[in-house]
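Asks: The structure follows.
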């Protein structure tokens, strides 16, 4: 672990290690005060020395492109920050599994950096009919071909943020194990899970994520996600790049408008959340994301057309809306996160507490 931290140019003094020999546990935490749970400002902290990394993406059979994206350094630092507990148990208790998880998150973020799909604005989603039948690949169309087309031919697609989030995550996971990691076994595992019910974009996340919604079917609470797990009771402003985050619209009037019930987003690092529709230079800051959801209650559904209706938020407002919906804010306390595919557990990651990553158990010899 010390070598892995060093390889990411993280100063040794930033990481505190607590050993619990009787329990077979090591706890890794940032050397920040326990009450410091935010990760949004990491890039502004000189001690963190946050950088970006250039990642190669495959945009065609013989074509690649380069994208500047979140560094593995920032991802690991965020995982070690107070505000949530990430536990690596049993066969997942290894630096290899952690390193794989960090690289997977980076690839998900990389594919979410520059998107420009269409927004349906209450209408039906649109899919390239050559590959898709209303969000399901057509018979005989390989899954990778259908997913790849949604990224190489973005103008042919219109979808809401829920589907967009799932599509970006599925793309990142498939591409990582097929091309970046180049692991045929794990690539097959991912494809098998996605195609298990012949509808690859359904049930990507655990069913229990949506238990707060009216009409939730209790039977769905036990359903695991095909690719994702859930971290619960995460502290405010604590986001790890690659997290799926939900901003709930708590206004009872505007949330009745289709597509404005809330906002699904992927955290990109450096205080940036994805912009699936290319409307805000491909990313929103945290403050901009809160403002976007708040303005819906004022009838601001188009930032240019509805600009006169906008009511600015001050710093106190932003702090208030950073709380959970139960406390009057917008930000759900759970995060949907990638599994540790090196040692999949298919179970919830909770409970979560104010620590960083904990390694527990010993690897089999």
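The values are calculated or read from the model by the stated rules, or taken from the named source; none is laboratory data. Everything numeric in this text was worked out from a predicted model, so none of it was measured. Positions of Cβ are generated from backbone atoms using ideal geometry, with glycine treated the same way; all protein chains shown enter the neighbour counts.
Asks: If I filter the range 313-328 down to residues being free of Cβ contacts under 8 Å to residues at least 60 places away in the same chain and touching a helix residue (DSSP H, G or I) at 6+ places or on another chain (Cβ under 8 Å), which single residue comes out as farthest from residue 232 (Cα to Cα)?
Replies: The extreme case among them is 313.
Asks: While we're here: Considering (1) over 23 Å from residue 259 (Cβ atoms); (2) surrounded by fewer than 21 Cβ atoms within 10 Å (Cβ to Cβ), say which one residue 172 fails and leave the rest.
Replies: (2)
Asks: Let me ask something else about it. Just name the residue that is farthest from the chain's Cα centre (by Cα) out of those in the range 271-301 that are closer than 15 Å to residue 311 by Cβ and outside any helix (DSSP H, G or I).
Replies: Checking each candidate, the answer is 299.
Asks: Kindly indicate whether residue 162 is touching a strand residue (DSSP E or B) at 6+ places or on another chain (Cβ under 6 Å) and either at pLDDT 95 or above or surrounded by 16 or more Cβ atoms within 10 Å (Cβ to Cβ) (or both).
Replies: Values: touching a strand residue (DSSP E or B) at 6+ places or on another chain (Cβ under 6 Å): yes; either at pLDDT 95 or above or surrounded by 16 or more Cβ atoms within 10 Å (Cβ to Cβ) (or both): yes.
Yes, satisfied.
Asks: Something else: Run residue 83 past the list (1) out of contact with any helix residue (DSSP H, G or I) (no Cβ under 6 Å at 6 or more places or on another chain); (2) surrounded by 14 or more Cβ atoms within 10 Å (Cβ to Cβ); (3) outside any loop (DSSP other than H, G, I, E, B) and report the number of the one that doesn't hold.
Replies: Single failed check for residue 83: (3).
Asks: Ok, one more. If you take the residues in the range 252-293 that are at positive phi and modelled with pLDDT under 95, which one is surrounded by the fewest Cβ atoms within 10 Å (Cβ to Cβ)?
Replies: That would be 281.
Asks: Is the range 93-105 home to any residue that is under 25 Å from residue 280 (Cβ atoms), touching a helix residue (DSSP H, G or I) at 6+ places or on another chain (Cβ under 6 Å), part of a helix (DSSP H, G or I) and touching a residue at least 60 places away in the same chain (Cβ under 8 Å)?
Replies: Pass one, the range 93-105, residues under 25 Å from residue 280 (Cβ atoms): 105.
Filter once more, keeping what is touching a helix residue (DSSP H, G or I) at 6+ places or on another chain (Cβ under 6 Å): 105.
After this cut, where a residue has to be part of a helix (DSSP H, G or I) as well, the list is 105.
Retained after the next criterion (residues that are touching a residue at least 60 places away in the same chain (Cβ under 8 Å)): 105.
Checked against the condition, which is being under 25 Å from residue 280 (Cβ atoms), touching a helix residue (DSSP H, G or I) at 6+ places or on another chain (Cβ under 6 Å), part of a helix (DSSP H, G or I) and touching a residue at least 60 places away in the same chain (Cβ under 8 Å), the range 93-105 yields at least one hit.
Asks: Quick check on my filter: what residues within the range 168-186 are without any contact (Cβ under 8 Å) to a residue 40 or more places away in the chain and under 12 Å from residue 227 (Cα atoms)?
Replies: 174
Asks: Further, regarding this structure: Which of the numbered conditions does residue 315 fail, given that it passes all the others? Conditions: (1) surrounded by fewer than 16 Cβ atoms within 10 Å (Cβ to Cβ); (2) under 18 Å from the mean Cα position of the chain (by Cα); (3) at pLDDT 95 or above.
Replies: (2)
Asks: Return the only residue of 64, 56, 69 being surrounded by 20 or more Cβ atoms within 10 Å (Cβ to Cβ) and part of a strand (DSSP E or B).
Replies: 69
Asks: State whether one or more residues within the range 23-45 are free of Cβ contacts under 8 Å to residues at least 60 places away in the same chain and more than 27 Å from residue 333 (Cα to Cα).
Replies: no
Asks: Answer yes or no as to whether residue 64 is free of Cβ contacts under 8 Å to residues at least 24 places away in the same chain and within 30 Å of residue 149 (Cα to Cα).
Replies: Taking the combined requirement at face value, the residue satisfies it.
Asks: Identify the single condition in (1) within 22 Å of residue 227 (Cα to Cα); (2) at pLDDT below 95; (3) in contact with a strand residue (DSSP E or B) (Cβ under 6 Å, 6 or more places away or on another chain); (4) assigned to a loop (DSSP other than H, G, I, E, B) that residue 358 does not satisfy, given that it satisfies every other one.
Replies: (4)
Asks: Among what's in the range 127-137 and is in a loop (DSSP other than H, G, I, E, B) and either at pLDDT below 95 or out of contact with any strand residue (DSSP E or B) (no Cβ under 8 Å at 6 or more places or on another chain) (or both), pick the residue that is surrounded by the most Cβ atoms within 10 Å (Cβ to Cβ).
Replies: 135
Asks: Any residue in the range 114-142 that's on the phi < 0 side of the Ramachandran plot and free of Cβ contacts under 8 Å to residues at least 12 places away in the same chain: show its pairings with residues that are surrounded by 12 or more Cβ atoms within 10 Å (Cβ to Cβ) and assigned to a loop (DSSP other than H, G, I, E, B) at Cβ separation under 9 Å, as long as the two are six or more apart or on different chains.
Replies: Listed pairs, sorted by first residue: 129/138; 133/127; 138/130; 138/131; 141/130; 141/131.
Asks: Now, a different point. In the range 182-198, which residues are out of contact with any helix residue (DSSP H, G or I) (no Cβ under 7 Å at 6 or more places or on another chain) and surrounded by 14 or more Cβ atoms within 10 Å (Cβ to Cβ)? Break it down into steps so the answer makes sense when it comes.
Replies: First, pick out the residues of the range 182-198 that are out of contact with any helix residue (DSSP H, G or I) (no Cβ under 7 Å at 6 or more places or on another chain): 182, 184-185, 188-189, 192-193, 196-198.
Matches in the range 182-198: 189, 193.
Asks: Consider residue 92 carefully, then state whether it is modelled with pLDDT of 90 or more and more than 20 Å from residue 272 (Cα to Cα).
Replies: No.
Asks: Name every residue in the range 107-124 that is touching a strand residue (DSSP E or B) at 6+ places or on another chain (Cβ under 6 Å) and either farther than 20 Å from residue 58 by Cβ or not in a loop (DSSP other than H, G, I, E, B) (or both), in order of residue number.
Replies: 109, 110, 112, 118, 120
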